[in-house]
Amino acid sequence: MRAWQRLRIWARKRRYIVRRDPRLNLTYRISVGVIGALVLAVGIFAIPYPGPGWVIVFIGLGILASEFDWAHRLLTFARAKYDAWIEWMKRRHWSVQGLVGLGTCAVVVGSLWMLGVFGTLAGWFDVNAGWADSPIL
């Protein structure tokens, strides 16, 4: 038996013990909900940025799906839509792919500007660039 299979069996046994005590079960479900929601929120924030944004979203949904049926249905739906989007993008002309990439870059640059990153960088290098200041901060 492989290590991950032994770990899975061990975790299931522990979960059955937790399910028997209603207070412990409620505490466990709340903990899973809070941790899953935090991971999901980080993933949603990270989607437009370079890196594993969608992976983090799916991990957050996976954490939630371990305890909540609605999250399992949402995870299945989201994975299917993500796969369909990727396949659709692969069939598009390079110009359409490039426009989607430029749009993603625009979202990243806009959000960094709104969060004040450019103004902070300008301050580090003692550059007086009023355009770099965030309009909301």
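The values are calculated or read from the model by the stated rules, or taken from the named source; none is laboratory data. Note that the structure is a prediction, hence the values are computed from the model and not measured. Quick reminder, even Gly has a Cβ in these numbers, built from the backbone with ideal geometry, and neighbours come from all protein chains shown.
Overview of values
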| read-out | value |
| --- | --- |
| Residues within segment 117-137 that are closer than 16 Å to Tyr49 by Cα and not in a helix (DSSP H, G or I), tallied | 0 |
| Sole residue being modelled with pLDDT under 95 and in contact with a Lys or Arg (Cβ under 9 Å, 6 or more places away or on another chain), chosen from Tyr28, Tyr82, Tyr49 | Tyr28 |
| Cβ pairs under 7 Å, 6+ apart, first in segment 51-76 and not assigned by TED's automatic domain parsing to the domain that holds Tyr28, second surrounded by fewer than 17 Cβ atoms within 10 Å (Cβ to Cβ) and modelled with pLDDT under 95 | none |
| Some residue of segment 79-101 being over 30 Å from Arg8 (Cα atoms), touching a residue at least 60 places away in the same chain (Cβ under 8 Å) and assigned by TED's automatic domain parsing to the domain that holds Arg8 | no |
| Matching entry among Thr76, Thr120 (being of a type in the set (Val, Ile, Thr) and more than 15 Å from Phe58 (Cβ to Cβ)) | Thr120 |
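Listed here are the residues, each with its yes/no results for (1) at pLDDT 90 or above; (2) exposed (fewer than 11 other Cβ atoms within 10 Å of the Cβ); (3) not basic (Lys, Arg).
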site	(1), (2), (3)
Gly62	yes, no, yes
Arg73	yes, no, no
Thr76	yes, no, yes
Leu99	yes, no, yes
Thr104	no, no, yes
Val117	no, no, yes
Trp124	no, yes, yes
Ala129	no, no, yes
